[in-house]
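This report refers to the structure that appears directly beneath it.
Nothing in this text is a laboratory measurement; each read-out follows from the coordinates by a stated rule. What you see is a predicted model, and the numbers here were worked out from it, not measured in a lab. Neighbour counts run over all protein chains shown; Cβ positions are idealised from the backbone, glycine included.
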Amino acid sequence: MELDRRSLFAAGAGLGLAGAGAVSAGAGPRSIPSLGSTTLPLEIGTERPQTEAIQKALDRSAEDGAPVILPPGRFVTGALTLRGSATLVGAHGATHLIARDAEPLISGTSLAAVRLEGLTLDGQGFAEYLIRLESCGGLLTDCTILGAREAGIFALDSVELVISYNRISDCLNNGVQVWRSVPGRDGTQVVSNRVEEVRAVNGGSGENGNGINIFRAGDVQVSGNTIRACAYSAVRGNAASNLQVIANTCRDLGEVAIYSEFGFEGAVIAQNIVDGAATGIAVTNFNEGGRLASVQGNLVRNLKRRLHEPVDKRGDGITVEADTAVSGNVIENVEATGIAIGWGRYMRNVVASGNIIRNAGVGIGITSNPAAGACLVSGNMLSGCRLGAIRAFDHDKIIGGELAHEDTSTERVRISGNVAS
């Protein structure tokens, strides 16, 4: 059944009146009508679980295709299972479903056209996931999702799922996880969401603490999101090929703001704003097959070294390794290196051109390992680089002198037309 906003508002008007009347009467729990001539026996003003009533409505919806539209109110519930062409709609965030146990609040498997809209889902810190879908397509939109113990949304083996215009916060390990059992095409779109205050209670080295986490899922688009205050990354792609990360605003991250790592082939990272992280953008792990990227037109600033870390201190603007073009980026206020090219022998076919780098330790760093591949560094503007505009590195150690003032051409490195001041 096609469900547009006009029909929702028309249907929801009566429900809103019913809910408001029940609250203003102050008469305690009451049954609230649902869409149609039947009655959905939900109680407001009670801590008694409403699981059975909501689940029965979802089961009827699976049979007749009609959407389940919940009224405003606060409803405690256990785990709910979606079936068929499941559509569950709340009153534009005024419908609060409160988790009562550790199971996923809403889950579904092998559903072609899930639709969840206008709900507030509160895991209270102990529901594992607020939404857990496996092998599903459809739309998750305009929901407020908070207090998940693992992740707000976990989508496994999806089929072109759309996750849009949601507000996700206060999750203990991840905001949104788009994963696959084995690497393959997924096609999920994560668009125009707000994700914030994501911790990494379970620890680790990056598997937790991310706003949006993509694992093994190919052809995923992450665009137009606002992501802040995550323990690790705003967007982290692990073995995620053909990943697009475009026009996101990322602030106050604990590690790498935008990360494409390990066995991926193909990433476009463009037009993003990063303000505050340990590293802005990293496209790495050529040693594990990570390669092929375009890093273009990003604004990256305020990158600080993590002095409390024994080894992985970072403080870089953009780091890349293999088969990657880095162009048209603006990088400012970087404690370590503005653009770091390669790590030891892991570097091949990198172009860094037309970038502006201001107030960095080193403007552009290039691995000096003779086993590394070729790179071209040209036409960049470098200003206020305290330890040099362009320098050679042995891993994290600067070696040799300044390379920016004269054009340099060797068998594997060409440096030309850069301006340093």
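To the nearest 10 degrees, how steep is helix 51-64 against the longest Cα principal axis of the chain, on a 0 to 90 scale?
So the helix axis and the longest Cα principal axis differ by about 90 degrees.
Between Lys304 and Val330, with labels modelled 7 Å along Cα→Cβ, what's the label distance in nm to one decimal, could you check?
For the pair Lys304/Val330, the computed spacing is 2.3 nm.
Going 7 Å from the Cα of Glu288 toward and past its Cβ, which residues in region 190-220 have a backbone nitrogen under 11 Å from where you end up?
Counting backbone N atoms under 11 Å from the label point, the list is 205-207, 216.
Contact order normalised by length for the chain, with contacts defined as Cα pairs under 8 Å and 6 or more residues apart; what percent is it? Please report the intermediate quantities before stating the final value.
Details: 1411 pairs, mean separation 25.2, N = 421.
The value is 6 percent.
For region 184-258, what is Rg from Cα atoms divided by 2.2 N^0.38 Å, rounded to two decimals?
Details: Rg = 11.5 Å, N = 75, 2.2 N^0.38 = 11.3 Å.
Against the empirical 2.2 N^0.38 Å value, I get 1.01 for region 184-258.
Measure nothing fancy, just the Cα-based angle from helix 5-25's long axis to the longest principal axis of the chain, in degrees from 0 to 90, nearest 10.
Value to nearest ten degrees: 60.
In Å and from the alpha-carbon atoms only, list the Rg and Dmax of region 58-104.
Values for region 58-104 (Cα only, Rg and Dmax): 11.3, 30 Å.
Among DSSP beta bridges whose residues both lie in region 315-421, state the antiparallel percentage, nearest 5.
That works out to approximately 15 percent antiparallel.
Return the sequence-ordered ³J(HN,Hα) values of region 360-371 in whole Hz as given by the Karplus equation 6.51 cos²θ - 1.76 cosθ + 1.60 applied to θ = phi - 60°, using x for Gly and Pro.
These are the phi-based 3J(HN,Hα) values: 10, x, 10, x, 10, x, 10, 4, 9, 4, x, 8 Hz.
List the pair-distance distribution P(r) of region 278-421, using every Cα-Cα distance, as the percent of pairs falling in each 5 Å bin from 0 up to the bin containing the longest distance, rounded to whole percents.
Calculated over all Cα pairs of region 278-421, the distribution is 2, 11, 22, 26, 23, 12, 3, 0 percent.
For the ranges 335-348, 95-108, what's the packing order if you count other beta-carbon atoms within 10 Å of each residue, average per peptide, and put the highest first?
For the peptides 335-348, 95-108, the packing ranking is 335-348, 95-108.
Excluding Asn225 itself, calculate the net charge of residues whose Cβ lies under 14 Å from the Cβ of Asn225, where each Lys or Arg counts +1 and each Asp or Glu counts -1. Kindly include the intermediate steps, with their values, before the conclusion.
Details: positive: Arg167, Arg194, Arg228, Arg236, Arg251; negative: Glu196.
That works out to +4.
With +1 on each Lys and Arg Cβ and -1 on each Asp and Glu Cβ, and nothing else charged, work out how big the dipole of region 33-110 is about its Cα centre, in Debye to the nearest 20.
Around 100 debye, computed over region 33-110.
Suppose we keep just the alpha-carbon trace of region 274-328; what are its Rg and Dmax in angstrom?
12.2, 33
Just report the Cα centroid separation between region 164-192 and region 280-321, whole Å.
The two parts, judged by their Cα centres, are 22 Å apart.
Taking the Cα centroid of region 204-278 and of region 125-163, what is the distance between the two, rounded to the nearest whole Å?
What the calculation gives is 17 Å, centre to centre.
If amide H atoms are built 1.01 Å from N in the plane of the peptide, which residues on other chains or at least 5 residues away come under 5 Å of the amide H of Glu134?
Hits under the 5 Å cutoff: Gly108, Thr109, Ser110, Leu156.
Given Cα positions, please report Rg to Rh for region 119-203, the hydrodynamic radius being the Kirkwood one.
Ratio of gyration radius to Kirkwood radius: 0.96.
Place the peptides 387-397, 172-182, 44-54 in order of packing, highest mean first, counting for every residue the other Cβ atoms within 10 Å and averaging per peptide. If you can, show how the numbers build up before the last one.
Details: 387-397: 17.5, 172-182: 22.3, 44-54: 16.0.
Packing order, densest peptide first, comes out as 172-182, 387-397, 44-54.
Taking every pair of alpha-carbon atoms in region 342-389, what share in percent sits in each 10 Å bin, from 0 to the bin with the longest distance?
Distribution as computed: 27, 46, 26, 0 percent.
Would you report the distance distribution of C-alpha pairs in the chain as whole percents per 10 angstrom bin, up to the bin with the largest distance?
For the chain, the pair-distance distribution reads 5, 22, 27, 19, 13, 9, 5, 1, 0.
Given H placed on each backbone N at 1.01 Å, which residues far from Gly237 in sequence or on other chains put an amide H within less than 5 Å of it?
Residues meeting the amide H criterion: Ile214, Tyr259, Ser260, Glu261.
Work out the FRET efficiency for Ser135 and Arg345 from their Cβ-Cβ distance, taking R0 = 35 Å, and round it to the nearest 0.05.
After rounding to 0.05, the efficiency reads 0.30.
As I understand it, the dipole of the chain uses +1 on the Cβ of Lys and Arg and -1 on the Cβ of Asp and Glu, about the Cα centre. Which of Gly137, Leu253, Val176 lies farthest toward its positive end?
Leu253
Tell me whether region 113-258 comes out rounded, prolate or oblate; compute the Cα gyration tensor, take square roots of the eigenvalues as a ≥ b ≥ c, and use a/c under 1.5 as the rounded threshold.
Because its axes are fairly even, with a/c under 1.5, region 113-258 counts as rounded.
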